[in-house]
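What follows is calculated from the coordinates using simple rules that are stated; it is not laboratory data. Nothing here was measured: the structure is a model prediction, and the numbers come from that model. Ideal geometry is used to build each Cβ from the backbone, glycine not excepted, and the neighbour counts take in all protein chains shown.
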Amino acid sequence: MDWDTELIKLTLEGNEEAFAKLVDIYRGYVFAIILNFIKDHNEAENVAQEVFLQIYISLPNFKMDNFKGWIGRIAANKAIDWKRKKKSKYREEVVDDTENIMYGEKLNNYETPEDILIEKEKKEKLNRLCKSMPPIYGNVIIKFYFEEKSYEEIAKEEGTTVKTIASRLYRGRNILREKWRENDETL
């Protein structure tokens, strides 16, 4: 039995020191993954804390197979979720700043109404193209990008594995990329 498995079993039995050792062992690994997504050191530390909290909560469901890979996926998903939330918050600030939009002023880092309209049209086009794809791929893309669901959430809804969702998303993006090119050529 390896060291990780022993620490996991002790943690599941309520041994907090065992979990603290797991955190010590994997702190650098988790932090490195998060820093690939989030360049702000302080925010990366906050996300790392969320990752270890999620690991602790989800540990009873862990299948005792590739612990390092499992926590790596959790770290990557938490970092991606953080980026999505930040992007969403930024968009809300742009829309909420109606006074500047009314007068057509473009402040630093703010989008113009034209930018927002172009972005909306792109999303509508993407949605149309996704619906013209085989549903097995189009639905996964819509759930991931538009509904902002995690691989785990989609896998649960679809009754399949996270690996299958990752594969469908990869293939779906390739199909979508090809359809996007075809659509641009016909315009």
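Observations, loosely collected:
- Length added when fully stretched, Glu147-Lys125, from 0.36 nm per residue minus Cα-Cα: 6.3 nm
- Set of lysines near Lys86 by C-alpha distance (under 23 Å), chain-local residues within fewer than 8 positions excluded: Lys39, Lys78, Lys106, Lys120, Lys122, Lys123, Lys143, Lys149
- Global form of region 110-153, assessed from the alpha-carbon gyration tensor, a/c cut-off 1.5: oblate
- In order along region 6-16, the Karplus-derived 3J(HN,Hα) couplings, from 6.51 cos²θ - 1.76 cosθ + 1.60 at θ = phi - 60°, round to 5, 5, 4, 4, 5, 4, 5, 7, x, 7, 5 Hz, and Gly and Pro are given as x.
- Within the shell defined by Cβ-Cβ distances under 14 Å, the residues around Thr11 carry a net charge of -4, with Lys and Arg each +1 and Asp and Glu each -1.
- Per-residue ³J(HN,Hα) for region 25-35, Karplus 6.51 cos²θ - 1.76 cosθ + 1.60, θ = phi - 60°, Hz, x for Gly and Pro: 5, 9, 4, x, 4, 5, 4, 4, 4, 5, 5
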